[in-house]
1. In nm, to one decimal, how far is the modelled label at Val20 from the one at Val59, with both set 7 Å along Cα→Cβ?
2. For n ≥ 4 DSSP H runs only, could you compute -39500 (n - 2.57) per run for the chain, divide by its residues and tell me the 222 nm figure to the nearest 500?
3. About the Cα centre, and with charges only on the beta carbon of Lys, Arg (+1) and Asp, Glu (-1), how big is the dipole of the stretch 3-64? Nearest 20 debye, please.
4. Cα-based count: Lys pairs in the chain below 16 Å, eight or more positions apart or different chains?
5. With an 8 Å Cα cut-off and a minimum separation of 6 or more residues, compute the relative contact order for the chain in percent.
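Since every read-out is calculated from the coordinates, none of them should be taken as a lab result. Please read these numbers as outputs of a predicted model, since none were measured by experiment. Cβ coordinates were reconstructed from backbone atoms using ideal geometry, including for glycine residues, and neighbour counts include every protein chain displayed.
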Amino acid sequence: MDMKVFAERLKELRKLRNIVADDLALATGVSQSSISSWENCKVIPSADSVYKLAKFFGVTSDYLLGLEE
């Protein structure tokens, strides 16, 4: 997994939807600090978190992880 790609795609999706980290945290059941850590490449998200984010944004986990365009 390329953390830089994941972080960039997460930020991009969040900004495209005009969603602040607090709202994304509430919608997905993860903490705002986790989202911040992922976007700053400090922590690798769990598979469950990647799944929740992909489902919320309507993209595949592979897209978030940089495995597909």
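1. Result: 2.2 nm between the two label points.
2. Value at 222 nm, helices only: -18500 deg cm²/dmol.
3. Dipole size: approximately 100 debye.
4. 4
5. 42
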